[in-house]
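The block underneath contains the structure these notes are about, expressed in C-alpha cells.
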Amino acid sequence: MIAGIELGGTKTVVATGTAVGEVREEWRFPTTTPAETIGRAIEWLRERGEPQAIGIAAFGPLGVVPGRPSYGKLLATPKPGWAGFSIIDSLAAAFPQARLTLETDVNAAALAEARLGAAQGLDDVAYITIGTGIGAGILSGGRLVHGALHPESGHFKVPRAPGDDFAGVCPFHADCLEGLASGPSIAARWGKPAAELPADHPAWETEAWYLAHCVLALLGIVSPSRVIIGGGVSQADGFHEKTERILGEIAAGYFSPIEAKPYVVPPMLGQQAGIKGALLLAAG
Ligand code: ADP
Ligand code: ZN
C-alpha cells in the first residue's frame, strides 16, 4: 500500500494510490491543529492497511533536507500551533515500518506536472503558485531542488512595475514578489479580490509584469525548459499569455529556452497535483 498526504494551509488530503501517481481513494478535510490533522490522516490510513511508503507534500517553511536538525519540522510558519511541529516524528510513530518522503507542496506539484501533466517528460521545470502566498517548486536535472532549506522564490525582490508605488503586504519584506503580487496584495492594492477584477483591468498587466520577472529570475538561475503557473490568481483569463508576452520583452532576445512556445503554461492536474506528487514521492 502506497499513501500520500498533502498538508495545506487550509485543507489536507490523504490518499492511497499507485507508484505512478494514480489516486485509488482519497479524503479531503480542513487543516486544524497539528495533532488533530495528522491524527485524522493516520486514522484514515490505518483503516485501509499498513502503508509501505508515505509521501508527504506540505506547506512551509519546512525542513526537507534529511540529516539536518530541522528535518521533518514546520519552521517559522505564522499558522498558529504549527511552528516546530514534526510531521515526520508523528507519522514515524504511527507507521514505524513505512518509508517516509517529505517535500514542499510546490516541489510535489512540480514533480507531478513534470511526470504526468503540463511539463510531461521534461527534467527542468518550475512550478509557481499564486494564491494567498507565492512559491515555486523546482525540478532541475530531474531532481527536486532543496538547497540549505528550500527555495523561497516568493520572497525575492522584483523591479517595480512602471508607476507602481503600492507599499506591499509581506509582513517580512513589504514589497517582495509575494508582497506585490499575491492574492491578498491584489485585493489590498485595488480594493477588490483578484477573482472579481475583469480581464481588462490594469491589475493584470501589473500582475503579469511581476510574474514575468519571477520567471526571468528562474531562467537566470535554474534555466527551466517550461514554467507552469498555477494557484487561484493564475486563473484570470489570459494571464499566462500576458506573462509570456512581457517575459519576451524583458528577455530581450536572450534566454533561448523561452523560444519553446508556449513557455509559460497553466497546470494540467489542477487540484490533484499535490496529492499525485505525494504518491510519486512515496514511490521513490
Ligand atoms: P490558497 O493559496 O489559499 O491555497 P488559492 O490558490 O485558491 O488559495 O488562491 C486564492 C486567491 O486566488 C484569492 O486571492 C482569489 O481572489 C484568487 N482567485 C480565485 N479565483 C480567481 C480567478 N478566477 N481569477 C483571479 N483570481 C482568482
Ligand atoms: Zn516577503
_Regarding region 205-212, can at least one residue be identified that is free of Cβ contacts under 8 Å to residues at least 12 places away in the same chain and over 20 Å from residue 113 (Cα atoms)?_
no
*Any idea how many residues of region 1-24 are open to solvent by 10 Å² or more (accessible area, probe 1.4 Å) and either touching a residue at least 40 places away in the same chain (Cβ under 8 Å) or farther than 19 Å from residue 39 by Cβ (or both)?*
11
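Specify the residue that is farthest from ligand 2 (Cβ to nearest atom); the eligible residues are those in region 222-236 that are part of a helix (DSSP H, G or I) and buried (at least 20 other Cβ atoms within 10 Å of the Cβ).
Taking the candidates together, the pick is 234.
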*Determine which member of the set 239, 255 is away from ligand 2 (no atom under 16 Å from the Cβ), open to solvent by 40 Å² or more (accessible area, probe 1.4 Å) and at pLDDT 95 or above.*
255
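Of these, 91, 139, 149, 144, which one is in the same structural domain as residue 212 (by TED's automatic domain parsing), crowded, with 20+ Cβ neighbours inside 10 Å and closer than 16 Å to residue 63 by Cα?
Going through 91, 139, 149, 144 in turn, just one is in the same structural domain as residue 212 (by TED's automatic domain parsing), crowded, with 20+ Cβ neighbours inside 10 Å and closer than 16 Å to residue 63 by Cα: 144.
Could you count how many residues in region 108-148 are polar (S, T, N, Q) and within 16 Å of ligand 1 (Cβ to nearest atom)?
2
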*How about region 113-132: which of its residues are surrounded by 22 or more Cβ atoms within 10 Å (Cβ to Cβ) and within 16 Å of ligand 2 (Cβ to nearest atom)?*
128, 129, 130
*Which residue, of 179, 191, is open to solvent by less than 10 Å² (accessible area, probe 1.4 Å) and either over 26 Å from residue 253 (Cα atoms) or free of Cβ contacts under 8 Å to residues at least 24 places away in the same chain (or both)?*
179
_Selection from region 258-270 of residues that are outside any strand (DSSP E or B) and surrounded by 13 or more Cβ atoms within 10 Å (Cβ to Cβ)_ = 258, 262, 263, 266, 267, 268, 269
*asked:* What pairs come out if I take residues in region 152-172 that are assigned by TED's automatic domain parsing to the domain that holds residue 63 and more than 14 Å from ligand 2 (Cβ to nearest atom) and pair them with residues that are β-branched (Val, Ile, Thr) and assigned to a loop (DSSP other than H, G, I, E, B) whose C-beta lies under 9 Å away, six or more apart or interchain?
replied: none
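The values are calculated or read from the model by the stated rules, or taken from the named source; none is laboratory data. Quick caveat: nothing in here was measured; it's all calculated off a predicted structure. Every residue, glycine among them, receives a Cβ derived from its backbone with ideal geometry; neighbour counts consider all protein chains shown. Quick note on the areas: whole protein, heavy atoms, side chains included, nothing else; ligands and nucleic acids left out. Shrake-Rupley method; radii C 1.70, N 1.55, O 1.52, S 1.80 Å.
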